[in-house]
2 protein chains.
Amino acid sequence: MKEQVIQYLKDQRDRHLKELEDFLKIPSISSLSEHREDTIKAAEWVEAELKKIGFHDAKVMETDGKPVVYGEYTTDESKPTVLVYGHYDVQPVDPVHLWDSEPFEPTIRDNKIYARGATDDKGQVFMHLKVMEAVLNQDEEPPVNFKVLIEGEEEIGSPNLPKFAEENADLLKADLVLVSDSALIEKGKPTITYGLRGLAGIQIDVKGANSDLHSGEYGGGVVNPIHALVKIVDSFRDENNRILVDDFYRDIPELSQEERDALAEVPFDEDQLKKELGVSELDGEEGYSYVERTSVRPTLEVNGIYGGFQGEGIKTVLPNEATAKVTCRLVPDQDPDHIVEQLTKHVHANKPVGVEVDVTPFDKGKPYVTPFDHPVIQKAAKAYETVYQKDTAYIRGGGSIPIVAELDRILDVPVVLMGFGLPDENLHAPNEHFHLENFDQGMETLTHYFYLLNE
Amino acid sequence: MKEQVIQYLKDQRDRHLKELEDFLKIPSISSLSEHREDTIKAAEWVEAELKKIGFHDAKVMETDGKPVVYGEYTTDESKPTVLVYGHYDVQPVDPVHLWDSEPFEPTIRDNKIYARGATDDKGQVFMHLKVMEAVLNQDEEPPVNFKVLIEGEEEIGSPNLPKFAEENADLLKADLVLVSDSALIEKGKPTITYGLRGLAGIQIDVKGANSDLHSGEYGGGVVNPIHALVKIVDSFRDENNRILVDDFYRDIPELSQEERDALAEVPFDEDQLKKELGVSELDGEEGYSYVERTSVRPTLEVNGIYGGFQGEGIKTVLPNEATAKVTCRLVPDQDPDHIVEQLTKHVHANKPVGVEVDVTPFDKGKPYVTPFDHPVIQKAAKAYETVYQKDTAYIRGGGSIPIVAELDRILDVPVVLMGFGLPDENLHAPNEHFHLENFDQGMETLTHYFYLLNE
């Protein structure tokens, strides 16, 4: 039956791509309140899609934030049950002038589909929906039972999903959670992500006088909030890019030589990456390789900074406020709550006189690592290898899917991170895209996987 | 005749205020190219106004930038000739949401007129025009010959006026230059500014990768331009707020005890100022008083900073560029060209690896100090004292009117800085306003001054 399923996917490809475009057209940006309606629209789109392919009881379910979409299709209780998790929300699109085509007008160029959400994560969610459609259409005895949980707040840290999962743990009961929200480590290389960094962040608002001031009249006399903010932000790291926040590294076990050797095997071409990014040097925490720094070491990055005059030319103002947005990627066993607490203390301890500082925490996520010798992970590798004809790489991802650690904890089953993106697909940046070769090969891989799970 | 002139100004006050509102309605922002037409409109408004009051040959004259308005009214070559300088251009208005009324819809509240340009400098330019109108209307033998030069690029550093003044030095020939573009040191206190700080500035653009990156995938591995910018900006000053740019203080003579004593006499109420500004502390260069720091010491202020995500909430991006706008206020004998050169060197010397940095200089102005025992300055003090009934304070202003040093050099006559603003009138900030008591008393003072100049 597997062969018919795969043939069906090939036959329906054009129609499927049109449907994917419809999904990508919905500007379901979760972090901006003006897109609230669009997130609902995306949820309803997924619900309708599930119903169309045979999940007759699919429904949009409320949470304390944006709704989730849930559906299930049970064939035979004795067969394995797969819970597919993904998200319909996307990142903001600014700076929008750097996009070569409109972020919500999907465009196919050079066998890649360009749009916000193309790879993260609508494109990958859509692949699951289409494989399920194909299986249910072609096979009267599907190999597994399907459950689907698609949320709308992943890009803002899934603040409401843990509560939802706890309250609906019975509904979500499965033998494994399957997530396609990550990337192959390089073109054509099967990749299973067995660890993810966690996330913790704060916004720092520095306030000075009650109004902008003339820099000639008051400059030199009144503390400039930009100077204060810059001093605080620069105090986060030393000259070797070690983070100076107290306890930041406290709970992280030293990397074993074995782990370092394994990470040294991860394919990485420094010259190629520098060329691709257009930078003269790569730099980061001293004493660790690029691969280590971007996967198993924690980071602190300023995602945005602003204050004062941003127009063309000059405005001799002494501004009265300045803001920085800071997020940390965390590794086991850093605790997001403790890190936010320490960041906050650090900011207050480094605050210059003459300004006030507010610190607002962002939503947080725990880091996650899972053993990769579990049968459901080994079967995922086998499925990949059948299609891609290469050995699977097991990696720890630099990014964060905070809900993964939570689903693992609440449902107590393995979470399989089987992604089909590529690292250079500009997720979270202008010109996000998804390679259609992985759209095709990915759906074939998922088909193999579902059948393998029942062997 | 003086009395009739003053009576005329009182009689015509309502009409004059309506005319001032028309002038203030023109959004003649010189730093923003989209307001180019508005600056021309403002120039033409001044030209028409001059013609109306009797300067029949008044004209808009081209420069390499925005035009200047020139007019003259010569009664008697043996009488003193006053060249009144001012500017019709204004600062940008952002952040516009902090204005209580529209910046270009002048509103009178509590005997103050609120609008961008109300005090800096349209309101003060307008006072001169109305005093001239009154003199020419009431006195067949005006006490002085008038020349008027109103430019449109003061707020961007008067880049084209020095060349214009050099080429038109004969036309502009006068016995003194009179400028009302400064403030009384406090309510009701006559104030002559005998020195001004100069100006030098740069924009720092830090560039990283060719696109924004995902902070999870690349964070810790690729240099974040915000981190680089923050390091550069924080390197400008030490913990005592001394500027660390090489040669920054090299050409500044030590303050004499006599000067320090005089500055200690300047009325200054620290608690009052803190309360007014809403700040808990005032801080700045160690070893100098607030008054010294804001008038006779040089400063380096970041006027704006920006990079990465500025929206609501969180976006886990590693941005690819970050910018800071920096201006210095200079004191004798700092040389703006040398300071810009040193700032640029400092930025490059403190640039971290992995990013590129562009430095763009802004237009510059030399600092200025003039002897205040010159008769035309002493007569200005007498005019003030006649109306305000208080002794005159002689101060060095913290702000910069770069063209003042240039006019002094090119025309080789004293420049009298006789301002009628107040320090808390929010110039360059939201809710700029002008106290109408100084509109009235200022015009009376100017009237006395013109008659005193002929005694």
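Quick note: the coordinates plus some simple rules give every number you see, no bench work behind them. These numbers come from a predicted model, not from an experiment. Glycine gets a Cβ as well: all are built from the backbone with ideal geometry, and neighbour counts include every protein chain shown.
Tabulated values for the structure
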quantity: Fraction of antiparallel bridges per DSSP, chain B only, in percent to nearest 5; calculated: 70 percent
quantity: DSSP bridge pairs, the protein assembly as shown: antiparallel proportion in percent, nearest 5; calculated: 70 percent
quantity: Nearest-first distances (nm) between copies at B:LYS51, label 7 Å from Cα via Cβ; calculated: 7.2
quantity: The protein assembly as shown - charge dipole about Cα centre, Lys and Arg +1 at Cβ, Asp and Glu -1, debye rounded to 20; calculated: 220 debye
quantity: Ranked by how many other beta carbons lie within 10 Å on average, peptides A:262-275, A:79-92 from highest; calculated: A:79-92, A:262-275
quantity: Using a 7 Å Cα-to-Cβ projection, B:ARG260 label spacings across copies, nm, ascending; calculated: 5.7
quantity: At q = 0.05 Å⁻¹, base-10 log of I(q)/I(0) for chain A (Debye sum, equal scatterers on each alpha carbon); calculated: -0.20
quantity: Shielding of A:426-432 by partner chains, average beta-carbon count, 10 Å; calculated: 5
quantity: Relative frequency of Cα-Cα separations exceeding 18 Å in region A:246-296, percent; calculated: 41 percent
quantity: Percentage relative contact order, chain A, counting C-alpha pairs under 8 Å, at least six apart; calculated: 26 percent
quantity: For A:TYR249, label point 7 Å along C-beta direction: distances to other copies, nm; calculated: 3.7
quantity: Cβ neighbours within 10 Å from other chains - mean over B:322-335; calculated: 3
quantity: Inter-chain shielding of B:202-212 (mean C-beta neighbours from other protein chains, 10 Å cut-off); calculated: 4
quantity: Ascending count of other beta-carbon atoms within 10 Å, so fewest first, for B:ASP175, A:ASP373, A:ASP246; calculated: A:ASP373, A:ASP246, B:ASP175
quantity: Angstrom value of the Kirkwood radius, inverse mean 1/r, which spans all Cα pairs in region A:277-331; calculated: 14.4 Å
quantity: Burial ordering of B:THR360, B:THR191, fewest other beta-carbon atoms within 10 Å first; calculated: B:THR360, B:THR191
quantity: Stokes-Einstein D in µm²/s, Kirkwood radius over Cα pairs - region B:203-321 at 20 °C with 1.002 mPa s viscosity; calculated: 119 µm²/s
quantity: Residues A:VAL179, B:VAL279, sorted so that the one with the fewest Cβ neighbours within 10 Å comes first; calculated: B:VAL279, A:VAL179
quantity: Rg/Rg_globular for the protein assembly as shown, with Rg_globular taken as 2.2 N^0.38 Å and Rg from C-alpha atoms; calculated: 1.16
